[in-house]
Structure formats: C-alpha cells, structure tokens
Amino acid sequence: MSLSKQHEMHKRRFSRNLGLGLVLAGFVALVFGLTIAKVSNEDFAVPSSEADG
C-alpha cells in the first residue's frame with residue numbers, strides 16, 4: 001500500500017477548519033473576558049457578616 005499525495009480539497013478544508021477554529025477561540029476568549037470584567041466590577045461586593053455581630 002503506497003502513500004498518496006494529499007488532495008487539494010483536503011488542504012482547502014483544513015485551511016477553512018483552522019480559520020473557523022481560530023474565530024471560535026477568539027469568540028470564547030471575548031465572552032470570557034467580558035464575564036471577568038463584569039464579575040470584577042467595583043460595584044460587585046460580597047456581603048460581609050460583620051453587620052450581624
């Protein structure tokens with residue numbers, strides 16, 4: 001069984017999948033960054049239990 005050369009269609013498909021993967025990773029990073037920014041807002045504060053005592 002001999003190894004054959006990769007067809008051009010596979011090269012184009014890999015290129016498209018790589019681009020789509022990078023766009024998806026960028027979107028995930030954007031959503032993660034926005035989530036961190038929203039959670040770490042200065043208005044966000046954990047209620048303290050000092051008022052009880």
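Any read-out appearing in this document is the output of simple, stated calculations on the displayed coordinates, not a laboratory observation. Treat the numbers as computed from the prediction; the structure is a model and nothing was measured. Glycine gets a Cβ as well: all are built from the backbone with ideal geometry, and neighbour counts include every protein chain shown.
Maximal additional length on extending the residue 14-residue 40 stretch stands at 5.5 nm, based on 0.36 nm per residue less the C-alpha distance.
For the range 1-43, applying the loop criterion from DSSP together with a ceiling of 16 other beta carbons within 10 Å to the trypsin sites (Lys or Arg not before Pro) yields 5. If the segment from residue 5 to residue 22 were pulled out straight at 0.36 nm per residue, it would be longer than the present Cα-Cα gap by 3.5 nm.
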